[in-house]
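Remarks on the structure that follows.
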Amino acid sequence: MTVSGASARDQEWANRLAIEGGTPVRTTPLPWELPGANWIGEEERELVDRVVRARSPFRFYGPDPQHMVETLEKEWCETFGHRHALGVSSGTAALSIAMWALGVGPGDEVFVPGYLWVSCVSAVVRSGAIPRLVDIDETFCIDPDDLRRKIGPHSRAVLCVHMSGAPGRIAEIAEICRENGLGLIEDCAQAAGASQNGRAVGRFGDIGIFSFQLNKNITSGDGGMIVCEDDDIFKRIVALHDLGYARNEAGRLDTSDENCQLWGIGARMSELSGAMVLAQMRKLPLITGAMNSAKWRIRNALADIPGLGFRTILDPSGDTSPFMITTFADEATCKRFVEAVRAEGITGQPGSLTCITMREWGLHWYSNIPSLVHKRSNSRDGMPWTHPANAFAEAYDYSFGALPACDDLHTRSALLAVASSLTDADVDDIVTAFRKVARVVLA
Ligand SMILES: *Cc1c(COP(=O)(O)O)cnc(C)c1O
């Protein structure tokens, strides 16, 4: 009697949630989520060192150029099947260059999803065009049906964002763009190495962009890449990322081509960044492989829990998996679940955002971007909102409520960062904590 009574009590203590005074599943923080940063090592050091020893950090000329950026671009094309690739200084700069390369400007609207990053909107606004919100579906990317409904006389391009490591219904979106004569830019900043049915992201649209900022799948601290199939568009991209002109064989500016006299943004990639990204891209399959394996082990181990939903991933083998997105019946359950899981020790290093509700995910949601909601401008004249050619967009509203499906998912979904260096024990702890919390919170 006493023995079984004690063990029942032990069991009760083990089952009691940490948030209610029970023992947490773990007490050490999970590793840093920063996927590429976890893998920085001798290879990066060796290539960066070569640039330093050659005293040649500029890609176009110098004492003894090591051609790091050029080699990176070549290997990027060979690996993913792109015709052209160009290293740039950031993903944000890449997006502006993409807008200008397609000639987007006042009088145009560019479709952007409601789940995105602030850079996607700022690139449209800086071009003088108007961002037009389009809803998302359970892939957490553009809903093709809402896109079809919203196409009008001012629609010029679609900025499709492959959020949180994987594309959504990109083949269908590309088809809609072709049928309607819309440009298609793929923002692959969060999805380097991702694919769908064997086709790499960035190969579905006219232009693809990548980022190598610290949080991305591979990193040089800052950096970016632009890919493109079309020779003429690529010529514009090259001039725009530089000083508005082409360069000759010696790496000097060539102003003679009348068809290539533009306004550049000064977003070249340095050889130091090129060296780091080159070493990182050679590890990309290992990095995304580690995240994919960990995330899908977690997802599969939680698949049978009623009330716990997951983002739709159309092709799991092409998912780079830096994040696992879960969905709940309502906002209160979502919040309670995440707080309880965090109390079980499923948290990251101090200052990181490892386990959060989507409500806490800042500038990834359109309605959290004050400069968009309030239609702010960098200049005194209120551009682009006040431009006469943009009068068609006067009634466009960017506050919460503009996108029903997006707002719904925003309020009742959560995000777990899947580190590229999770151990089997970390994976087991995550599964144990989720199951423990589900038994109480989702009962
Ligand atoms: C990070 C990110 C960018 C911007 O890249 P930076 O290199 O930080 O300028 C653009 N779009 C998305 C979706 C991103 O996640």
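Read-outs: derived from the displayed coordinates by stated rules, not from any lab. All figures in this text were calculated on a predicted structure; none of them were measured in a lab. As a convention, Cβ positions derive from the backbone with ideal geometry for all residues, glycine included, and neighbour counts pool all protein chains shown.
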Of 18-30, 112-124, ordering from highest average Cβ density within 10 Å down gives 112-124, 18-30
Degrees between helix 271-281 axis and first principal axis of the chain (Cα, 0 to 90, nearest 10) | 50 degrees
At 20 °C and 1.002 mPa s, the Stokes-Einstein diffusion coefficient in µm²/s for the range 42-283, with hydrodynamic radius from the Kirkwood sum on alpha carbon pairs, is 119 µm²/s
Excluding residue 246 itself, calculate the net charge of residues whose Cβ lies under 14 Å from the Cβ of residue 246, where each Lys or Arg counts +1 and each Asp or Glu counts -1.
-> -2
GluC sites (Glu not before Pro) within the range 234-318: DSSP coil, no more than 10 neighbouring Cβ in 10 Å = 249, 258
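Please compute the alpha carbon radius of gyration of the chain, then divide it by the globular-protein estimate 2.2 N^0.38 Å. Two decimals is fine.
Working: Rg = 23.5 Å, N = 443, 2.2 N^0.38 = 22.3 Å.
Rg over 2.2 N^0.38 Å, computed on Cα atoms: 1.05.
Given a cut-off of 23 Å, name the pairs among 295/335; 216/436; 150/216; 74/283; 335/375 whose C-alpha atoms lie farther apart than that in the structure shown. Intermediate values should be presented prior to the final figure.
On the way: 295/335 21 Å; 216/436 31 Å; 150/216 31 Å; 74/283 16 Å; 335/375 30 Å.
Going by Cα-Cα distance, 216/436; 150/216; 335/375 fall outside the 23 Å limit.
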Residues 32, 76, sorted so that the one with the fewest Cβ neighbours within 10 Å comes first | 32, 76
Describe numerically, in nm with one decimal, the distance between label points set 7 Å from Cα along Cα→Cβ at residue 247 and at residue 331.
-> 5.1 nm
Potential extension, residue 230-residue 78 segment - 0.36 nm per residue separation minus Cα distance = 53.1 nm
Length added when fully stretched, residue 255-residue 46, from 0.36 nm per residue minus Cα-Cα = 71.6 nm
DSSP loop (so not H, G, I, E, B), at most 14 other Cβ within 10 Å: list which trypsin sites (Lys or Arg not before Pro) in the range 239-296 pass both filters.
-> 252
For the chain, longest principal axis from Cα atoms; helix 284-302 axis from its Cα atoms; angle between them, nearest 10 degrees, is 30 degrees
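Based solely on its DSSP helices, what 222 nm [θ] is calculated for the chain when runs of n ≥ 4 H residues each add -39,500 (n - 2.57) and the sum is averaged over all residues, nearest 500 deg cm²/dmol?
For the chain, the value works out to -11500 deg cm²/dmol.
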Cα centroid distance between the range 161-209 and the range 211-277, in Å?
-> 21 Å
So, with points 7 Å from each Cα along the Cβ direction, the residue 197-residue 300 label distance in nm works out to 2.4 nm
In nm, the gap between the two label points placed 7 Å beyond Cα toward Cβ at residue 375 and residue 70 is 4.9 nm
